């Protein structure tokens, strides 16, 4: 077990490894600092959401992955993704975010590869997401297909 | 409480009402006869799935709605839908099925309206699904939008 890994595995549900940069760490621990997560989401311009509901969503996600940069004894959150699932067939990935200062280095790909590995390890074969137009190509490069066989993503919003 | 309703609320988690036909009942009870569900899915030509995994998926769905026809003291499954969710923001509806002999009577709409009501009652505002080409118009009539603002439904499958 590496130094970084040891640092990170404080909780039973926790899991981390030092990929792909020696100072970047991944964790599946759900004990995330919600203010730090809000700061990350602010940085990419997302609308603010009530932290109580964010906590509920994290607690009821099937898989949560946080990406941290470690600087000396401090770590700060630079990426996040979570997935809902029926634990059997389907998963849907939500809230994929990488801090703008850390984009363009392959970290989003590594975060997503990690998510796919977690879902595949749980024998989930249908991994889905809803991609904004500007990230469709990013997901395509990771192996995601838009509208396969004409299947359309559809949304219902309250009026 | 109606006669039908009384008949149906055997379990604590159960819930049902007699809509829109006096002999059609809806239930959110997860204690579904898996062989009956398999028979229903066979009737619409879906690929068979291991019942163990089907049970797991039902157990880990956020909402499950079954539709039954009542004939004298017997009821049989004529429709089904379930949704995964993070219990806070997003839900995704899966496995929507109405027996072919009962299609074209508005029962699919009623089943979906019921699902949307359940999700809205739980304060879920982003209700999503992935629609096969032949049912995109059906969902559109229910108020679902395909690719709103260019958001694409994307899928990753194991190689």
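Relative contact order (percent) for segment A:3-143, with alpha-carbon contacts under 8 angstrom and 6 or more residues of separation? The partial results should precede the final answer.
Values: 214 pairs, mean separation 25.6, N = 141.
Across segment A:3-143, relative contact order equals 18 percent.
Can you tell me the orientation of helix B:107-121 relative to chain B, as the angle in degrees between its alpha-carbon axis and the longest Cα principal axis, to the nearest 10? Tilt of helix B:107-121: around 70 degrees. Extending 7 Å from Cα along the Cβ direction at residue A:159 and again at residue B:23 yields two label points whose distance is 3.4 nm.
At an R0 of 30 angstrom, the distance between the Cβ atoms of residue B:147 and residue B:72 translates into a FRET efficiency of 0.05. Taking Cα atoms only, the orientation of helix A:34-43 departs from the longest principal axis of chain A by about 60 degrees.
Which value at 222 nm does the protein assembly as shown reach when only helices count, each DSSP H run of 4 or more adding -39,500 (n - 2.57), with the total divided by all residues and rounded to the nearest 500 deg cm²/dmol? If you can, show how the numbers build up before the last one.
On the way: 10 runs with 92 residues, N = 318.
About -8000 deg cm²/dmol.
For the segment B:79-90, counting C-beta atoms of other chains within 10 Å of every residue's C-beta and taking the mean gives 6.
Measuring max minus min along each principal axis, the C-alpha atoms of segment B:3-143 give extents of 39, 33, 32 Å (largest first). Calculate, for residue B:42 and residue B:137, the FRET efficiency according to 1/(1 + (r/R0)^6) with r their C-beta to C-beta distance and R0 30 Å; round to the nearest 0.05. Result of the calculation: an efficiency of 0.75.
Throughout, read-outs are computed from the coordinates displayed, never taken from laboratory work. Fair warning: this is a prediction, and the values are worked out from it, not measured in the lab. Because the Cβ atoms are built from the backbone with ideal geometry, glycine has one as well, and the counts that use them run over all protein chains shown.
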